[in-house]
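The values are calculated or read from the model by the stated rules, or taken from the named source; none is laboratory data. Not measured: the values here are computed from a predicted model. Quick reminder, even Gly has a Cβ in these numbers, built from the backbone with ideal geometry, and neighbours come from all protein chains shown. Just the protein is used for accessible areas: all its heavy atoms, side chains included, with ligands, DNA and RNA removed. Shrake-Rupley method; radii C 1.70, N 1.55, O 1.52, S 1.80 Å.
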Amino acid sequence: MPRLFTGLAVPPAVADALKGFQGGLPGARWIEPGDFHVTLRFLGDVEVTVADDVVEALAEMRVRPPLTVTLDGLGIFGGDKPRALYAAVVADPALTDLQAEQERLVRRAGVEPERRKFTPHVTLARLRRDATPEATAMYLSQAPVFAPLAFAVDRVTLFSARDSTGGGPYVAEADFPFA
């Protein structure tokens, strides 16, 4: 069963800039910059027949203009039990609409509904148990200034991930251009 998700690939120049925020956080497993992306819809482990149906459904995405994704700061998911360091994506109605369309298409292909709220971001590190709230707060307070980073996207990519605890490597299985 492949482990799949749809997302927006981060271009190399932006990935290089984000790499500058990696390091100096105890308990971090840093994501390879080539694996940076904005997840639109995590599908999980799906049967091959469902994966084929997902590809067919995604091919029916409606035409849309390219959109701009802007990253504007660092954050931590997990609160008192930090689990990930991320670069936040600025809220954008076009991105929200794209994600909602992804949800509709994959549900039509037989994937269970997503229960979590869409929080667009680029994961920079997965955090182990020894990453304390104090250490993550210190890291955020001492991180370099985060100048906004923007990039244009004109396609959704269907990625696969090896069976692991997350963080890649990811393989681009198919691209679905906006136009």
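What is the distance, in nm, between label points placed 7 Å from the Cα along the Cα-to-Cβ direction at F77 and at W30?
2.1
If you line up the long axis of helix 48-58 against the longest principal axis of the chain, both from Cα atoms, how many degrees apart are they, to the nearest 10?
Relative to the chain, helix 48-58 is tipped by roughly 90 degrees.
Carbon-plus-sulfur fraction of the accessible area of the chain, 1.4 Å probe, in percent?
54
To the nearest 10 degrees, how steep is helix 133-142 against the longest Cα principal axis of the chain, on a 0 to 90 scale?
80
For a quick protection proxy, order the peptides 131-138, 171-178 by their average other-Cβ count within 10 Å, most packed first.
Result, highest mean Cβ count within 10 Å first: 131-138, 171-178.
Return the loop-located trypsin sites (Lys or Arg not before Pro) in region 70-125 (DSSP other than H, G, I, E, B) with at most 10 other Cβ atoms within 10 Å of their own Cβ; answer none if there are none.
Those that pass, being in a loop and sparsely packed, are R115, R116, K117.
Could you give the distance between the Cα centres of region 1-79 and region 93-109, to the whole Å?
15
Per residue, how much accessible area does region 41-179 show when a 1.4 Å probe rolls over the protein heavy atoms, in square angstrom?
56
Using a basic spin-label model with each label point 7 Å from the Cα along Cα→Cβ, how many nm lie between D175 and E47?
So the label points at D175 and E47 sit 3.2 nm apart.
Find how much the distance from R129 to S141 grows on full extension, using 0.36 nm per residue of separation minus their present alpha carbon separation; answer in nm with one decimal. Don't skip to the answer; put the middle values down first.
Numbers: separation 12, 0.36 × 12 = 4.32 nm, distance 2.02 nm.
Answer, rounded to one decimal: 2.3 nm.
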